[in-house]
Every structure is written in C-alpha cells, then in structure tokens.
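Working notes, beginning with the structure itself.
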Amino acid sequence: MLPTRSSLALFCKVVDNYGDIGICWRLARQLTQEHHLAVSLWVDDLRSFQRLCPEVALEADVQQIAGVTIRQWRDQDGVFAVRDVADIVIEFFGCDIPPGYIAAMAQCRPRPLWFNLEGLSAEQWVEDCHTLPSPHPRLSLTKHFFFPGFTARTGGLLREAALDIERDAFQAGRSELAGFLGQFGVTPAEIVSTKVSLFCYPHAPVRALFDAWQAGAEPVTCLVPEGVAVETVEGFLGVRAAAGAVQTQGALTVRVLPFVAQRDYDKILWACDVNVVRGEDSFVRAQWAGKPFVWHIYPQDKNLHRVKLKAFLQAYAPDIDSVTAFSLHWNGAVADEANCATDWPAMWRALQDDRAAIALRATTWQQEMLANGDLAGNLMRFAAVLRSVPED
Ligand code: TRH
C-alpha cells in the first residue's frame, strides 16, 4: 500500500497535437479522484490544454481544476528543494524533467518512485520492456518504464471507473443524445442517418470517402471538428469550415462541430454509429465507446507506424476482413497500386455488412481489456510493490 494522500507529479510536454495533454489530463484526474493522490500536473503548453479543458487560465502559474494542481512548466531552470518533490514522479513519453528537480529527487529519503509513461502499442516487445528499471547514470535514482497496452503483461488502458455507467446512461436515452447533438445544430433527420465522427490527420483519403458516401444509397452525416481535413471539408462545403457550417450533397451531409471539451468528445463518440479516430487517446476512447471505429495512426519515420497498426489489427479483428482492409487502406498501408485502386464504396459497404460481427467484437474486446485492469490502477499497484522493497 502507498501512504494515504501520497503526492504525485506528472510532467507533460505537449509535443504536437492534443494526445499528450489529453492522456495526462485524464490520468491526473483519475489518480486524484479514484486513488486520492495529491496530483500536480506540470504542463508546458496551457493553450493546447485549454482546448480540451476550457477552465484552464492561460496566465496562471498554479491553478486548481478538478482537484488537480496545474503548474505551468515554463523552462528547465529552477532550483528545487526536497519538500518540492512528490512521492511519485511521472515523466510522460520520455520528456526531460528539469535537472534541478532530479537533483532534489536524489536528496529525498525515501527516494521518490520515478516512472516514464510510454506510448501505446500492441507490438510484442512492449511486454518485455514494461516495468524495466533504468538506473540513473550518476545519481542514486532508478526510473521504471511503464507501458500502456492491450495484454495482462502491460499496464493496460486508461479507463475511469464510472465510464460504463456514464456511457450506458447517455446511450439509453434517445432524448439525451438528441439534445446533446442538437446543441451543435444536428437536425432530427441527421440524427436518424448513419452518423460518423471524423477525427484524422491531414493525409487521410477523406475526399475519396466523401465521394463514396455522397453517391451511396443510405444517408450519412459526417461530424467533423473544426481544423480537421480542412481542405476537403471546405471543398465539399463551398464555404469556410467554421463550426456550424453544413452542406448536403447526394446522400452525404457534412457538418462542422466546434472542438469540444474532452468530456464532450466522449459523448460524440457514444452518439455516433461509426467513429474515425486518431493518435492514442481518441483511439482508446473509441474502443470504450463500443461502436465500430477506424484508426488513423500517427505517422512515424520509416513507416514504423504500419507495424504498429498491423499489430493492433491482428489483436483486435483478425477475423473481420472488412475492418482490416478498411483500416489498412485508410492509413495507406497497402502497396501503392492497391491504394490507387481502393474501391471505397465497396470498403464502406463491407464494413456496414459486418456491423453485427463488429458490434460483438467491440463487446468481447472491452471485456478482454477490462480483465487486464486499468492503467491508473496498474500503475498504483506497481508503485506499491516498489515501495514495499527496502531501499539500500
Ligand atoms: O491529438 P492527437 O493526434 O495526439 C497524437 C497522439 O497522442 C500521438 O500518440 C502523439 O504522438 C501525437 O499526438 C503527437 O490525437 P489523440 O491522441 O486522439 O488526442 C486528441 C485529444 O483531443 C483527445 O484527448 C481527445 C481530445 N479532443 C477533444 O477534447 N475535443 C475534440 O473536439 C476532439 C476532436 C478531440
């Protein structure tokens, strides 16, 4: 067991996009609310943070939101005392925490537990690296790697204890769903159509998918946040892709939504029939939403992301060809000739035809993931094990 009201510092550098702060904010809240830790979240980019959490004040050096102390991480300078150091220190994705903070960590007795929280991958090597120690080259400190993942030999996935209850309550009442989407101007006719949320990187083949939906037999409403697939969306709309803009052509309606607070983004995923998601955090939230989803993976050098994508598809849907084929083509992860010849109407139809199998898999997948425990709980269990080992 960890002492009650242990303190924890989580350091987050917002490298690009919103995933890093999205994950850290979720984790910080969960550790505060469910594990009763005194959490400080150090963030270097409050502006990005504010987009997911509108309560964030941009100028404040220190502020409290949802019980979490948020500290503006301005630079690598600063002198820290032993009393400034938390009992548990997490650096997200190998971000370098200030040298002065590390020096103070080395003075603490007992020494703080120090973790590097890594990125999510379904690749096999993750199990071998999860919880490995990494001794500091000079100081008497050891950092441990902690990997999220999809098996019991990894840290699991982020998931709040009340998530099921909240999602089920939202999905049970049609009026709540209609009221929620209605605030963005979504009409009753759009609500009964096939609703797709679209969150992807700029290189996704959105235009080709729009063409397929437009020429299709069934009405599709695509809800796209401001700033996503802008060129294609504006081409379709014929006007600027500002929140509230909408256009129907053929069977397709495209509606631009504002970039909503993180808690509301979950509701969008719960409300839609198919979710196109990206990166890491929306990807995991789509899995918890339990609806068919397509993952646009963040591109990496030397196409390393393709290996990651295939490892996930192999774990998630080895028997559902439509999911694998759609995902590989969406990510351009097939031979160039095959990509040029992608038959999007057929891909979409196949996905729709497999709806029942995909829904079933979404449920069994959630059960499998739940059996692994959740990331915050697994992290705290590992911390308690490390704390029970006497220091030398
Ligand atoms: O923003 P992303 O592309 O983040 C990515 C990944 O984290 C990736 O691993 C990382 O290497 C790369 O950035 C640099 O996608 P992701 O992970 O889905 O994060 C988006 C966050 O934004 C998520 O917490 C959900 C949130 N969000 C909202 O709060 N409101 C919205 O309207 C939308 C569309 C998203």
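Summary table below
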{"read-out": "Pairs where the first residue, in the stretch 249-261, is under 15 Å from Ala189 (Cβ atoms) and the second is within 11 Å of the ligand (Cβ to nearest atom) and at pLDDT 95 or above, C-beta under 7 Å, 6+ apart", "value": "Val254/Val224; Arg255/Leu223"}
{"read-out": "Lone qualifier among Val284, Val277 - being buried (at least 20 other Cβ atoms within 10 Å of the Cβ), near the ligand (Cβ under 9 Å from one of its atoms) and under 25 Å from Ala215 (Cα atoms)", "value": "Val277"}
{"read-out": "Of the criteria (1) out of contact with any Ser or Thr (no Cβ under 6 Å at 6 or more places or on another chain); (2) touching a residue at least 60 places away in the same chain (Cβ under 8 Å), which one Gly78 fails", "value": "(2)"}
{"read-out": "Selection count, the stretch 205-240, where residues are among the β-branched types (Val, Ile, Thr) and in a loop (DSSP other than H, G, I, E, B)", "value": "2"}
{"read-out": "Qualifying residue in the stretch 163-179 (condition: farther than 19 Å from Ile23 by Cα and hydroxyl-bearing (Ser, Thr, Tyr))", "value": "yes"}
{"read-out": "Flag if Ala338 is over 28 Å from Arg26 (Cβ atoms), at pLDDT below 95 and in a helix (DSSP H, G or I)", "value": "yes"}
{"read-out": "Test: residue in the stretch 91-98 that is surrounded by fewer than 16 Cβ atoms within 10 Å (Cβ to Cβ) and away from the ligand (no atom under 15 Å from the Cβ)", "value": "yes"}
{"read-out": "Count - residues of the stretch 292-306 that are closer than 12 Å to Trp365 by Cβ and either surrounded by fewer than 23 Cβ atoms within 10 Å (Cβ to Cβ) or among the small types (Gly, Ala, Ser) (or both)", "value": "0"}
{"read-out": "Strands (runs of 3 or more DSSP E) contained in the stretch 28-89 and holding at least 3 residues more than 16 Å from the ligand (Cβ to nearest atom), at pLDDT 95 or above and among the hydrophobic types (A, V, I, L, M, F, W, C)", "value": "38-43"}
{"read-out": "Subset of the stretch 145-195 that is of a type in the set (Lys, Arg) and in contact with an Asp or Glu (Cβ under 6 Å, 6 or more places away or on another chain) - its residue that is farthest from Leu252 (Cα to Cα)", "value": "Arg153"}
{"read-out": "Every pair of residues 6+ apart whose Cβ atoms lie under 7 Å, when the first sits in the stretch 18-33 and is free of Cβ contacts under 8 Å to residues at least 40 places away in the same chain while the second is of a type in the set (Phe, Trp, Tyr) and within 11 Å of the ligand (Cβ to nearest atom)", "value": "Ile21/Phe49"}
{"read-out": "Some residue of the stretch 6-23 being away from the ligand (no atom under 16 Å from the Cβ), in contact with a strand residue (DSSP E or B) (Cβ under 9 Å, 6 or more places away or on another chain) and assigned to a loop (DSSP other than H, G, I, E, B)", "value": "yes"}
{"read-out": "Residue ID - nearest to Arg285 (Cα to Cα), chosen from residues in the stretch 241-263 that are within 16 Å of the ligand (Cβ to nearest atom) and assigned to a strand (DSSP E or B)", "value": "Leu257"}
{"read-out": "Index of the failed condition, His36 passing every other in (1) in the same structural domain as Leu113 (by TED's automatic domain parsing); (2) of a type outside the set (S, T, N, Q); (3) touching a residue at least 40 places away in the same chain (Cβ under 8 Å)", "value": "(3)"}
{"read-out": "The stretch 378-392 residues that are farther than 25 Å from Arg159 by Cβ, paired with ones that are surrounded by fewer than 17 Cβ atoms within 10 Å (Cβ to Cβ) (beta carbon under 6 Å, 6 or more apart)", "value": "Glu391/Pro110"}
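Conditions (1) farther than 25 Å from Leu10 by Cα; (2) assigned to a loop (DSSP other than H, G, I, E, B); (3) touching a Ser or Thr at 6+ places or on another chain (Cβ under 9 Å), marked per residue:
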position: Lys302; (1), (2), (3): yes, no, no
position: Thr324; (1), (2), (3): yes, no, no
position: Leu379; (1), (2), (3): no, no, no
position: Val389; (1), (2), (3): no, yes, no
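The values are calculated or read from the model by the stated rules, or taken from the named source; none is laboratory data. In this text, all values refer to a predicted model and were calculated from it rather than measured experimentally. Glycine also receives a Cβ, built like all others from the backbone with ideal geometry; neighbour counts cover every protein chain displayed.
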